[in-house]
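Colleague: Quick one: the structure is below, questions incoming.
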Amino acid sequence: MTVGIVGGGQLGRMLAMAGYPLGLDFVFLDPAADPPAAALAPHLKGPLDDRRLLNELARRSEIITFDWENVSVAALRELARRVRICPPLAALAASQDRVSEKRLFERLKIPTTRWRAVASLKQLQRAVADIGLPGVLKTRRLGYDGKGQFLLKRAAEVESAWHQLGAVPLLYEESVAFSHEVSIIGARSLHGEVAIYPLNGNVHSQGILRVTRAPYGPPSWQTLAQRYLARVLAHFRYVGILAIEFFVRRGRLIANEMAPRVHNSGHWTIEGAVTSQFENHLRAILGLPLGAAHARGHCAMINLIGEMPPLRELLAHEGLHVHDYAKAPRPGRKLGHCTLVARSAYDRDRRLRGLLATLAPNTRIP
Ligand code: AMP
């Protein structure tokens, strides 16, 4: 059985690593010359919407999935006539446009930020008057890891924010004074079986995920997040892994965005859960029984960004699991991650603080 993956980044690579023990094969489409997944499986090199290469991918695969949400829905719709594609393209389309995403949350009664769609300077001024300051101006499409965002603090910045981002459709939303950021990840299989992981507590800086801890937060957060995730899974008759990120403000969960794919905040599940998110994604799309999603301990994951620390130094930390994506270093680029699994939350946080002191001295955990 061969799984074709549109995108060959680290997520695709980790999907393949989860699939080989199950006897699966993989083939990737990616524009880079040497993407992280290419070390593991055949790689078709070219744009993700290249019709000829997508057809070639379909010819060589029993099923197609993707490791990145900014792939062309139109190109995949065409391909879906010939090969099964999971997760559903309607969910992919909703996740690509922040306005469709907000409307989806509202329709499913999932609390989200107060927001306005903005297509001109005048509309931005009106949105700022309605929603207030501070607020965040975001591009509707192609924003990730904090890219395409502007934190607006003062009315005097409105015009310059518009000129910085205003060439494309935007969304303006309240800036949430959150106490925590969390995410929930779950799988729904072809047969409607659902497995949901414990909640992740996430720390971002400059819009990029730095640290995840799981299981995280009081049971009431888990219950709410799980309920909201289940609504989205049911709405799309979803197949695969889905992630939703939330802000927590005074015990309420406020949805920020969703990702119709395996998610960075779920990397701890490789060593820290009974079944990893990568394996459960494959099980889900292939109609296999899902694996248990509970945690084996108290886990922390640190993203290694910009520069890979020497392997010798990382491995000197007892019990630390290291993943190097074999990417060229570049400021702000996710190059790898490491995970620790501890017996108690106290022990995890103590070890995590020790690691952060050398790996990411500017990252504070709540
Ligand atoms: P996003 O690309 O929407 O996931 O944003 C990346 C990160 O920027 C989030 O995880 C937050 O840390 C921060 N951020 C984005 N939108 C808001 C907001 N409306 N209020 C406060 N912080 C935000």
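Colleague: Quick one: N70 ticks every box in (1) modelled with pLDDT of 95 or more; (2) surrounded by fewer than 16 Cβ atoms within 10 Å (Cβ to Cβ); (3) under 30 Å from E173 (Cα atoms) bar one, so which box is it?
Modeller: (1)
Colleague: I've got another one for you. Could we say that L304 is in a strand (DSSP E or B) and under 29 Å from N280 (Cα atoms) here?
Modeller: yes
Colleague: Out of all the residues in the stretch 308-324, which are at pLDDT 95 or above and either of a type in the set (D, E) or within 25 Å of I184 (Cα to Cα) (or both)?
Modeller: Those that are at pLDDT 95 or above and either of a type in the set (D, E) or within 25 Å of I184 (Cα to Cα) (or both): E313, L320, H321, V322, H323, D324.
A quick yes/no check of all residues on (1) under 30 Å from P331 (Cβ atoms); (2) without any contact (Cβ under 8 Å) to a residue 60 or more places away in the chain:
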residue	(1), (2)
P111	no, no
A119	no, yes
A129	no, yes
G135	yes, yes
R141	yes, no
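Colleague: For the stretch 323-345, name all the residues that are open to solvent by less than 60 Å² (accessible area, probe 1.4 Å), closer than 17 Å to V211 by Cα and out of contact with any His (no Cβ under 9 Å at 6 or more places or on another chain).
Modeller: Within the stretch 323-345, G332, K334, L335 meet the criteria.
Colleague: Further, regarding this structure: Go through (1) in contact with a helix residue (DSSP H, G or I) (Cβ under 7 Å, 6 or more places away or on another chain); (2) farther than 14 Å from G201 by Cβ; (3) hydrophobic (A, V, I, L, M, F, W, C) one by one and return the number of the condition L253 breaks.
Modeller: (2)
Colleague: Let me ask something else. List the number of the failed condition for L151; all other conditions in (1) closer than 27 Å to C338 by Cβ; (2) within 16 Å of the ligand (Cβ to nearest atom); (3) of a type outside the set (D, E) hold.
Modeller: Against the list (1) closer than 27 Å to C338 by Cβ; (2) within 16 Å of the ligand (Cβ to nearest atom); (3) of a type outside the set (D, E), L151 comes up short only on (1).
The values are calculated or read from the model by the stated rules, or taken from the named source; none is laboratory data. Small disclaimer: the values here were computed from a predicted structure and weren't measured. All Cβ positions, even for glycine, are placed from backbone atoms using ideal geometry, and neighbour counts span all protein chains on display. Please note that ligands, DNA and RNA were not included when accessible areas were found on the heavy atoms of the full protein model with its side chains. Shrake-Rupley method; radii C 1.70, N 1.55, O 1.52, S 1.80 Å.
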